[in-house]
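Worksheet: one structure, shown below.
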Amino acid sequence: SLDAKVPAELQYEMFIEAGQLIERTTLWLLRSQYTKLDIEDYIREFRPRIEAIEKNLDRILPPPALVLLQQEQAANVERGMPPALARRMASLDILASACDLVQIARTSKEKVEDVAGVYFEIGSRFDLETLRNAAENIAAESPWQKSAIGVVVDDIFAYQSALASRMLRDSDHDASSEAVGRWLAARPNIVARLDALLTDIRAAAGIELPMLTVFTRQLRYLVES
């Protein structure tokens, strides 16, 4: 149960955010490559790994992402949340990727903390969380456009996961930020195009779906490089 001191309107917002995470996780499980939907098996596999991610966020996250987490946690405390709850709520967007990280760790035999470090380093390098949020905030004018937005969001998650797997494999399991930097430096042309697109997107008056579609296409090229 929630602390009675937390304002009712804030409790409502928290339920909405938690519900969005539950929805994404449920859809992930339904779409996953696992052969059967066994909740008890999922809990045994996923819980300790997700707890390891959450426990080690201060070490796992690159500095820009960690600063944002700490800022959001502080803002939550100011709004009336107890510190531990404020931290957990600030972490929800980050933990939206937890199932992807567990799956990568499962298939690559890597520690989930190492997988998470590479994954979030990539996300920070290309500002992927901001782009996903921008996509989700685009007003859909038709069911088709809503579906297209969902595809872009899913693609960004998928390519971030694929890049993390590829970098770990190519770097002989080196999960350091330096290894990520070396991997990207070996592909200067594609990275330069992604950086140019990011500059244009940030400079735009508003982010539109075609911009994100072009950007995700370049992400795919980076995965395949």
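The values are calculated or read from the model by the stated rules, or taken from the named source; none is laboratory data. Quick caveat: nothing in here was measured; it's all calculated off a predicted structure. Cβ sites come from the backbone with ideal geometry, for glycine too, and all protein chains shown count toward neighbours. Side chains included, ligands, DNA and RNA excluded: accessible areas come from the protein's heavy atoms. Shrake-Rupley method; radii C 1.70, N 1.55, O 1.52, S 1.80 Å.
Table for the structure above
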| read-out | value |
| --- | --- |
| For N137: the one exception among (1) closer than 20 Å to I156 by Cα; (2) touching a Ser or Thr at 6+ places or on another chain (Cβ under 8 Å); (3) surrounded by fewer than 17 Cβ atoms within 10 Å (Cβ to Cβ); (4) of a type in the set (S, T, N, Q) | (2) |
| Condition check for D127: closer than 26 Å to A203 by Cα, open to solvent by 60 Å² or more (accessible area, probe 1.4 Å) and within 12 Å of the chain's Cα centre (by Cα) | no |
| Residue in segment 71-89 that is farther than 21 Å from L198 by Cα and of a type in the set (D, E) present | yes |
| Considering residues of segment 166-192 that are among the small types (G, A, S), in a helix (DSSP H, G or I) and under 29 Å from R106 (Cα atoms) only, the residue modelled with the lowest pLDDT | S177 |
| Of the criteria (1) among the basic types (K, R); (2) touching a helix residue (DSSP H, G or I) at 6+ places or on another chain (Cβ under 7 Å); (3) within 22 Å of A134 (Cβ to Cβ), which one R187 fails | (3) |
| Where D155 falls short, out of the listed (1) surrounded by fewer than 15 Cβ atoms within 10 Å (Cβ to Cβ); (2) more than 19 Å from L21 (Cβ to Cβ) | (1) |
| Tabulated pairs, segment 53-82, first under 17 Å from T130 (Cβ atoms), second open to solvent by less than 40 Å² (accessible area, probe 1.4 Å) and among the β-branched types (V, I, T), C-beta under 9 angstrom, 6+ apart or interchain | L61/I94; A65/I94; L66/I60; L69/I94 |
| Scan of segment 193-212 for residues that are within 19 Å of I149 (Cα to Cα), assigned to a helix (DSSP H, G or I) and open to solvent by less than 70 Å² (accessible area, probe 1.4 Å), ordered by number | L197, L198, I201, L209, M211, L212 |
| Residue match in segment 142-161 (condition: out of contact with any strand residue (DSSP E or B) (no Cβ under 9 Å at 6 or more places or on another chain) and outside any helix (DSSP H, G or I)) | yes |
